[in-house]
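Below is one structure; the comments refer to it alone.
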Amino acid sequence: MSGKVYLVGAGPGDYKLLTLKALDCIKEAEVIVYDRLANPQYLELARPDAELIYVGKASSNHTMTQDEINEVLAVKAKEGKVVTRLKGGDPYVFGRGGEEGEYLLERNIAFEVVPGITSAIGGLCYAGIPITHRDYTPSFHVVTGHLKDETNDTINWNALAAMNGTIVFLMGLSNLHKICTNLMTEGMNPNTPAAVINWATRPNQKVATGTLVTLEEEVKKAGLTSPSLIVVGEVVRLREKLSFFENRPLFGQNIMVTRSRTQSSDLKAKLIELGANVFEVPTIEIQPRQGEEIDAKLQTLKDYSYIVFGSQNAVSLFFERLYALGKDARSLGEAKVVAVGSATAKCLATYGIRSDFMPERFTQESIAELLEDKLTKEDKVLIAQGNLARDVLYTKINEICEVETLLLYDTVLNESSKVRLKQLLNSERVDRITFTSSSTAKNLMALLDEEDKEKVKAIKCISIGEITSKAMRDLGLTVYKEANPFTIEGLINCLCE
Ligand code: SAH
């Protein structure tokens, strides 16, 4: 039995520049054979049992030869597997996809090709350079910059120079000098605008512009390396007007997000949308608690006149367990429900529950203040929360009426983040760190050795609110900015200011 190979274009790098068909191929593959330019984040979408094979290609440092890659594809398909060969950009644009296809066909192995957005077009677009424009150019030409030898007779430089089209060179950075010289020698105006785009469409995209004469110097100044596109032509002038990707408010900012894995995706997605390069380091992990004590309280919810939810995690774990016990929101009966923050209230709403009160400020103190007027000694309050929640609310309510806590989870250190943290701090690439609770700050510091703690103290730290800020200061961190209001939106506004 023979499997099938999908030659799939993974696009130029921006995570969302992937076709729906490519997405299917990634999700369904039993084997994924990928190289350096395919965004590695796609691999997270693969089946948990998929075999992932890296075949390299950092230009001079080939991890596997083309023959070896062909062989891997054939062998895996012959085993009856569905194989996705994931390539940067489009598989047929200097991707040697044609050779892979021929090799498979010769061996009677079924294959299909899924085109991708090539960097030659998509990469220019994200640099603000339209590959064609009626006022500037009648054609475009995508050319290999991988020049075979000194004389290199395979490229017709004379024709290229004469055609007035936009010329895009791939794999050409190490030959930049030769490329510019050849074009000028063949009569191209030395003042023709030109650009080099490094890591196009990625959060770390960098662009250098100049003319055929100055480009090499500009690229050196900017320190651009591979992978890079070289573009020559009048359309480069439009970059100043049409640049949108680099104009987003957080473009070029390297932001570390410290939050538990389950909670950070919202913040992360928004920051990426605004252009930031986000490093997600889960410092804490939520470990749900289980046991008779929890179940007993969930069975007798009608005993409480107020139920307070201390966090989103508390809400979801509360309802998950309630459902597991064969019950639902009706168990809350007539109890008044209080959420300690807007995100917690939103989460409650997904379970069909509306929070009865909304404090002005999202702290335990303000909720205590709000409840003080309402509670009588006949009331009975249940606070659903995690082990690290402060006891301000409990203490205040306890002065008025009976109160119990329902501890639904423990927040523990995420030891697996240690290595990544060290790498990040040593790479000196972090411009900002966001803290969304006191525990993320405490836990981040707890994961670090003394040397790295000092590094964090030198980075601009953003706090979600006053309690978090206090915890940060106690740990020796400087609060560069504090969100207002104390929400994720507030935090994002703070970063954009
Ligand atoms: N099939 C790919 C090209 C493969 S050849 C495509 O269609 O885009 C590899 C070359 O592509 C690199 O040397 C570089 O010149 C270019 N390239 C690919 N992705 C790039 C990116 N994100 N930024 C800059 N150059 C890129």
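The values are calculated or read from the model by the stated rules, or taken from the named source; none is laboratory data. From a predicted model like this one, the values you see are computed outputs, not experimental measurements. Note that we place each Cβ from the backbone using ideal geometry, even for glycine, and neighbour counts take in every protein chain shown. Accessible surface is based on the protein model in full, side chains and every heavy atom, while ligands, DNA and RNA are left aside. Shrake-Rupley method; radii C 1.70, N 1.55, O 1.52, S 1.80 Å.
For the stretch 152-191, enumerate the residues that are within 37 Å of the chain's Cα centre (by Cα) and outside any helix (DSSP H, G or I).
GLY165, THR166, ILE167, VAL168, PHE169, LEU170, MET171, GLY172
Taking only the stretch 262-314 into account, find how many residues are open to solvent by 30 Å² or more (accessible area, probe 1.4 Å), more than 25 Å from ASP356 (Cβ to Cβ) and hydrophobic (A, V, I, L, M, F, W, C).
The total comes to 4.
Which of the residues belonging to the stretch 107-165 are under 12 Å from VAL232 (Cα atoms), within 16 Å of the ligand (Cβ to nearest atom) and either open to solvent by 30 Å² or more (accessible area, probe 1.4 Å) or modelled with pLDDT under 95 (or both)?
Of everything in the stretch 107-165, those that are under 12 Å from VAL232 (Cα atoms), within 16 Å of the ligand (Cβ to nearest atom) and either open to solvent by 30 Å² or more (accessible area, probe 1.4 Å) or modelled with pLDDT under 95 (or both) turn out to be PHE140, HIS141, VAL142.
Just give me the residues in the stretch 95-106 being within 11 Å of the ligand (Cβ to nearest atom) and either in a helix (DSSP H, G or I) or over 33 Å from the mean Cα position of the chain (by Cα) (or both), in sequence order.
GLY97 - this is the single residue of the stretch 95-106 that is within 11 Å of the ligand (Cβ to nearest atom) and either in a helix (DSSP H, G or I) or over 33 Å from the mean Cα position of the chain (by Cα) (or both).
Can you tell me which condition ASN175 does not meet? The list is (1) within 13 Å of the ligand (Cβ to nearest atom); (2) outside the structural domain of SER243 (by TED's automatic domain parsing), and all the others hold.
It fails just one condition, (2).
Starting from the stretch 277-292, take each residue that is of a type in the set (Phe, Trp, Tyr) and list its partners that are not in a strand (DSSP E or B), counting only C-beta distances under 9 angstrom and pairs at least six apart or across chains.
Short answer, once both residue conditions are applied: PHE279/ARG420; PHE279/LEU424; PHE279/ARG429; PHE279/VAL430.
Considering only the stretch 206-247, state which residues are within 18 Å of HIS133 (Cα to Cα), within 23 Å of the chain's Cα centre (by Cα) and open to solvent by 50 Å² or more (accessible area, probe 1.4 Å).
Passing the criteria: only PHE244.
Give the residue that is modelled with the highest pLDDT, with candidates limited to residues of the stretch 337-369 that are open to solvent by 40 Å² or more (accessible area, probe 1.4 Å) and not in a loop (DSSP other than H, G, I, E, B).
ALA349
Output the number of residues of the stretch 8-25 satisfying the condition of being within 14 Å of the ligand (Cβ to nearest atom) and farther than 15 Å from ILE117 by Cβ.
Selection size over the stretch 8-25: 0.
Just one of the numbered conditions (1) more than 21 Å from the chain's Cα centre (by Cα); (2) assigned to a helix (DSSP H, G or I) is not true of LEU444; which one?
Among (1) more than 21 Å from the chain's Cα centre (by Cα); (2) assigned to a helix (DSSP H, G or I), the lone unmet condition for LEU444 is (1).
Considering only the stretch 452-466, state which residues are surrounded by 18 or more Cβ atoms within 10 Å (Cβ to Cβ), over 23 Å from the mean Cα position of the chain (by Cα) and hydrophobic (A, V, I, L, M, F, W, C).
Answer for the stretch 452-466, where residues must be surrounded by 18 or more Cβ atoms within 10 Å (Cβ to Cβ), over 23 Å from the mean Cα position of the chain (by Cα) and hydrophobic (A, V, I, L, M, F, W, C): there is none.
How many residues are more than 16 Å from the ligand (Cβ to nearest atom) and either under 25 Å from PRO203 (Cβ atoms) or surrounded by 15 or more Cβ atoms within 10 Å (Cβ to Cβ) (or both) when one looks only at the stretch 26-53?
Residues that pass the stated criteria total 13.
Those residues that are touching a Gly at 6+ places or on another chain (Cβ under 8 Å), more than 13 Å from GLU51 (Cα to Cα) and not aliphatic (A, V, I, L, M), I need them from the stretch 64-78; list them, please.
Within the stretch 64-78, just LYS78 meets the criteria.
Kindly indicate whether LEU212 is touching a strand residue (DSSP E or B) at 6+ places or on another chain (Cβ under 6 Å), away from the ligand (no atom under 16 Å from the Cβ), of a type outside the set (Phe, Trp, Tyr) and outside the structural domain of ASP14 (by TED's automatic domain parsing).
yes
Mind listing just one residue for me: the one in the stretch 467-497 that is more than 22 Å from GLU365 (Cβ to Cβ) and open to solvent by 70 Å² or more (accessible area, probe 1.4 Å) and, of those, farthest from the chain's Cα centre (by Cα)?
For the stretch 467-497, the residue satisfying everything is THR478.
Failed condition for ALA77, given (1) modelled with pLDDT under 95; (2) more than 12 Å from the ligand (Cβ to nearest atom); (3) not β-branched (Val, Ile, Thr), with all others met?
So the condition that ALA77 fails would be (1).
Can you confirm whether the stretch 370-386 contains a residue that is touching a residue at least 24 places away in the same chain (Cβ under 8 Å), within 16 Å of VAL281 (Cβ to Cβ), in contact with a Leu (Cβ under 6 Å, 6 or more places away or on another chain) and not polar (S, T, N, Q)?
no
Filter the stretch 79-106 down to the residues that are under 23 Å from ALA50 (Cα atoms) and among the basic types (Lys, Arg), then identify the one that is surrounded by the fewest Cβ atoms within 10 Å (Cβ to Cβ).
For the stretch 79-106, the residue satisfying everything is LYS81.
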